[in-house]
Amino acid sequence: MIKITFPDQKIREYPEGSTALEIAKSISEGLARNVISAKVNGEVWDATRPIKSDATLQLLTWDDKEAKSTMWHSSAHLMAEALEFFYPGIKFGIGPPVDNGFYYDVDLGGQSISSDDFKKIEDKMLELAKQGNKYVRTEVSKKEALDYFSKKGDEYKLDLINELEDGQITFYQQGNFTDLCKGPHIPDTSIIKAVKLTNIAGAYWRGDEKNKQLTRIYGITFPKKSQLDEYLVMIEEAKKRDHRKIGKEMEIFTFDDDVGPGLPLWLPNGAVLIEQLEKLAKRSEQNAGYMRVRTPHIAKESMYQTSGHLPYYEDSMYPPMVLEGEKYYLKAMNCPHHHKIFKELNPSYRDLPIRLAEYGTCYRYEQSGELFGLMRVRSLQMNDAHIYCTKEQFADEFRAVNEMYLNYFKIFNIEKYVMRFSTHEPKKLGVKYVNEPALWLETEDMVRKVLIDSKIPYVEVPDEGAFYGPKIDVQVWSAIGREFTLATNQVDFAVPARFGLEYRNSANQMETPICIHRAPLGTHERFIGFLIEHFAGNFPIWLAPKQVAILPISEKFNDYAKKVLQSLINSDIRGLVDLRDEKIGKKIRDAEIKKLPYMLIIGEKESNEGSVSVRKHGQGDVGSFSIAQFTQMIQDEINKQLNLN
RNA sequence: GCCGAUGUAGCUCAGUUGGCCAGAGCUACUGAUUUGUAAUCAGUGGGUCGGGGGUUCGAAUCCCUCCAUCGGCUCCA
């Protein structure tokens with residue numbers, strides 16, 4: 001007998017070699033039906049794998065994240081079986097679970113596949129699923145594994161096996177399909193009740209663009225048909241929040257073929273959003289002791305040689321303009337310009353820290369396939385600043401920057417984000433990173449310490465640093481689930497020295513400052529793209545391009561409506577009047593669709609009283625107020641949203 | 001940049017076994033109506049069918065090519 005410890009710390013005895021599934025059955029048949037996999041001693045296992053000694057056991061059902069992964073991993077195998085049925089000779093790369101489903105990379109040889117073929121593959125998968133074939137795990141020797149896939153002629157699997165150690169190789173087989181796989185898997189295919197292939201795309205073998213491009217087929221499965229329906233509804237809802245759709249509807253931005261790809265035009269409503277964001281940034285930066293600077297959009301090649309950017313990033317900068325024998329580049333970053341300003345200021349230690357801020361306009365020649373609405377563009381304006389400080393000041397400065405982030409997140413009600421702390425990879429010193437091993441370790445420790453001291457949750461990712469130092473990126477997700485870096489906070493211990501930046505210390509010696517690059521509001525482009533999706537276009541009133549729509553009931557009240565508008569403008573409130581010869585219901589409907597936060601309905605009663613009848617977007621009638629009362633109401637709401645009270 | 005898909009009026013879309021002057025709704029404009037909390041009625045205007053080339057008696061429709069967008073891959077100072 002073996003002792004099994006359950007999550008509630010209860011211990012029960014079972015025969016040696018019992019499986020999680022059998023144990024579940026001993027508790028209840030219903031539970032057993034829902035078991036997808038199991039966590040044995042903290043490791044996810046097949047629910048059908050015998051447990052041979054004392055262990056802790058957690059049964060995993062669909063509600064557990066790990067169970068979903070198991071399910072989708074098994075689904076990838078099921079799809080592979082269906083694909084092999086339709087496309088004999090097909091070769092398989094990797095087929096893992098992902099956040100929303102799974103994919104399998106395949107090499108179809110000369111055959112082709114398109115989304116038109118999805119239906120037949122889905123049907124085949126469901127047919128195979130109904131057979132309830134068991135996923136059978138076998139341990140094989142390296143030689144057996146190599147023999148099997150040599151016979152099959154699948155060079156991708158051979159490639160994978162060659163990297164594995166003998167004695168640790170397992171196969172899984174269900175129905176007519178056998179795959180190299182470390183598992184775990186669901187007990188049998190009958191758990192898969194709903195199947196949807198979602199997408200088809202190219203993907204390089206092992207993610208290397210020098211390798212052959214395989215066909216990647218994405219799909220998702222569920223244990224209940226209704227869950228698939230819910231998922232499809234969710235996808236539809238997400239599409240409605242897409243910033244490209246709302247940005248067009250609300251006339252925020254546009255792209256034009258003649259202007260060029262990735263070069264957005266900000267329409268008047270978008271320009272208001274930008275102005276409000278800049279107002280917020282300028283105020284918080286002023287309070288935090290920043291000084292504003294302004295720099296040109298281009299610079300000579302020599303500056304980017306000095307900064308060291310050229311060898312790393314020349315390919316993603318617009319090609320240079322040659323004037324009088326000199327090469328000029330459109331700037332892709334603001335730091336070198338700011339470094340030059342620091343040098344000109346010629347500070348002593350008493351002047352530090354020096355914080356230089358600019359909403360700098362940059363141009364980056366992003367690969368054409370990378371462009372994506374406002375989220376990835378070629379012209380961008382960054383909420384940039386560079387803080388020059390001593391080593392002793394670094395922790396306080398870095399902490400203050402993080403606090404500024406968190407304050408912004410409160411204002412924008414951003415709750416779902418991840419701080420990603422990127423460090424260097426020692427093997428790539430001198431290639432991807434400046435060759436200063438001691439400084440890397442020292443600054444990484446400083447950053448880590450600040451994060452821990454400030455109790456900011458973060459994940460550490462090796463080999464993702466900037467070439468000049470470690471950094472923190474703030475990751476957020478777009479409505480359609482794509483992950484983005486919204487903001488960034490970077491340490492630079494290398495470039496100031498390259499520019500010969502120095503300050504005089506208290507002992508009258510010259511020292512090089514540390515530089516912090518920070519952009520809490522990222523770029524206007526990405527930040528506004530994100531905000532559109534975050535708020536689904538229903539901006540908080542302080543940010544809304546138009547805050548109030550004035551809707552006269554008939555032409556007779558147009559003059560009073562114009563008077564109300566003027567009064568709002570005098571109080572710095574952004575409004576519009578709908579003077580069209582339409583019925584009030586139509587004007588309200590249009591204002592609601594345009595997501596205008598407030599509507600003022602104006603008729604005979606209001607014009608006689610000098611009042612306005614207030615309707616709130618998405619809520620309806622909220623009553624009658626004097627113009628002064630309404631103005632105060634709006635201003636109070638704005639102050640509250642910006643934490644200005 | 002690579003793989004795949006898509007591109008018809010300002011917007012959303014119909015029109016593909018190739019065949020009258022390419023359609024609808026919304027928007028815009030004009031007129032009637034003077035309206036009380038999510039669509040008043042009528043009329044008018046608007047399209048190089050993404051660009052270029054080809055096949056054909058005839059191309060939005062078939063072929064080639066370029067451009068742009070979308071989904072991924074790679075990249076991201």
Do you know which residues across the stretch A:592-620 are aliphatic (A, V, I, L, M) and either open to solvent by less than 50 Å² (accessible area, probe 1.4 Å) or more than 6 Å from RNA strand B (Cβ to nearest atom) (or both)?
A:596, A:599, A:600, A:601, A:602, A:612, A:614
Filter the stretch A:275-292 down to the residues that are buried (at least 18 other Cβ atoms within 10 Å of the Cβ) and among the aliphatic types (A, V, I, L, M) and list them by number.
A:277, A:280, A:281
Where in the stretch A:1-72 are there strands (runs of 3 or more DSSP E), lying fully within it, with 3 or more residues that are open to solvent by less than 60 Å² (accessible area, probe 1.4 Å)?
A:2-5, A:37-40, A:55-60
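Tell me which residues, restricted to the stretch A:257-274, are part of a loop (DSSP other than H, G, I, E, B), open to solvent by 40 Å² or more (accessible area, probe 1.4 Å) and out of contact with any strand residue (DSSP E or B) (no Cβ under 7 Å at 6 or more places or on another chain).
Matches in the stretch A:257-274: A:257, A:258, A:261.
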Just give me the residues in the stretch A:202-212 being open to solvent by 40 Å² or more (accessible area, probe 1.4 Å) and small (Gly, Ala, Ser), in sequence order.
A:202, A:207
Being touching a residue at least 24 places away in the same chain (Cβ under 8 Å), out of contact with any Lys or Arg (no Cβ under 9 Å at 6 or more places or on another chain) and either open to solvent by 80 Å² or more (accessible area, probe 1.4 Å) or within 7 Å of RNA strand B (Cβ to nearest atom) (or both) is the filter here, so list the residues in the stretch A:561-591 that pass it.
A:581, A:584
Working only within the stretch A:320-366, note down all residues that are over 14 Å from residue A:303 (Cβ atoms), open to solvent by 20 Å² or more (accessible area, probe 1.4 Å) and touching a residue at least 40 places away in the same chain (Cβ under 8 Å).
A:348, A:349, A:351, A:353, A:355, A:359, A:361, A:363, A:364, A:365, A:366
Single condition residue A:311 does not satisfy, out of (1) within 23 Å of residue A:256 (Cβ to Cβ); (2) within 13 Å of RNA strand B (Cβ to nearest atom)
(1)
Of the residues in the stretch A:203-212 that are touching a residue at least 24 places away in the same chain (Cβ under 8 Å) and not charged (D, E, K, R), the one that is nearest to RNA strand B (Cβ to nearest atom) is A:203
Filter result (aromatic (Phe, Trp, Tyr) and under 20 Å from residue A:284 (Cα atoms)) within the stretch A:518-569:
A:527, A:542
The correct count of residues that are open to solvent by 70 Å² or more (accessible area, probe 1.4 Å) and out of contact with any Gly (no Cβ under 7 Å at 6 or more places or on another chain) in the stretch A:124-135 is 3
Within the stretch A:470-501, the residues that are away from RNA strand B (no atom under 12 Å from the Cβ) and touching a Leu at 6+ places or on another chain (Cβ under 7 Å) are A:474, A:476, A:493
Testing residue A:467 on (1) over 19 Å from the mean Cα position of the chain (by Cα); (2) away from RNA strand B (no atom under 13 Å from the Cβ); (3) surrounded by 17 or more Cβ atoms within 10 Å (Cβ to Cβ), one condition comes back false. Which one is that?
(2)
Which of the following residues is of a type in the set (Phe, Trp, Tyr) and more than 15 Å from RNA strand B (Cβ to nearest atom): A:231, A:304, A:290?
A:290
Checking residue A:166 against (1) within 14 Å of RNA strand B (Cβ to nearest atom); (2) open to solvent by 30 Å² or more (accessible area, probe 1.4 Å); (3) closer than 26 Å to residue A:45 by Cα; (4) not β-branched (Val, Ile, Thr), the condition it does not meet:
(1)
Can you find a residue that is over 23 Å from residue A:370 (Cα atoms), open to solvent by 10 Å² or more (accessible area, probe 1.4 Å) and outside any loop (DSSP other than H, G, I, E, B) anywhere in the stretch A:473-484?
no
Expected single match for within 16 Å of RNA strand B (Cβ to nearest atom) and buried (at least 18 other Cβ atoms within 10 Å of the Cβ) among A:221, A:215 is A:215
Residues within the stretch A:95-138 that are among the small types (Gly, Ala, Ser) and under 30 Å from the mean Cα position of the chain (by Cα), tallied
4
Since residue A:340 meets every condition but one in (1) in a strand (DSSP E or B); (2) more than 28 Å from residue A:460 (Cβ to Cβ), which condition does it not meet?
(1)
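The values are calculated or read from the model by the stated rules, or taken from the named source; none is laboratory data. Everything quoted here is computed from the prediction, not taken from an experiment. Every residue, glycine among them, receives a Cβ derived from its backbone with ideal geometry; neighbour counts consider all protein chains shown. Each accessible area value is taken on the protein alone, full model and side chains, heavy atoms only, with ligands, DNA and RNA left out. Shrake-Rupley method; radii C 1.70, N 1.55, O 1.52, S 1.80 Å.
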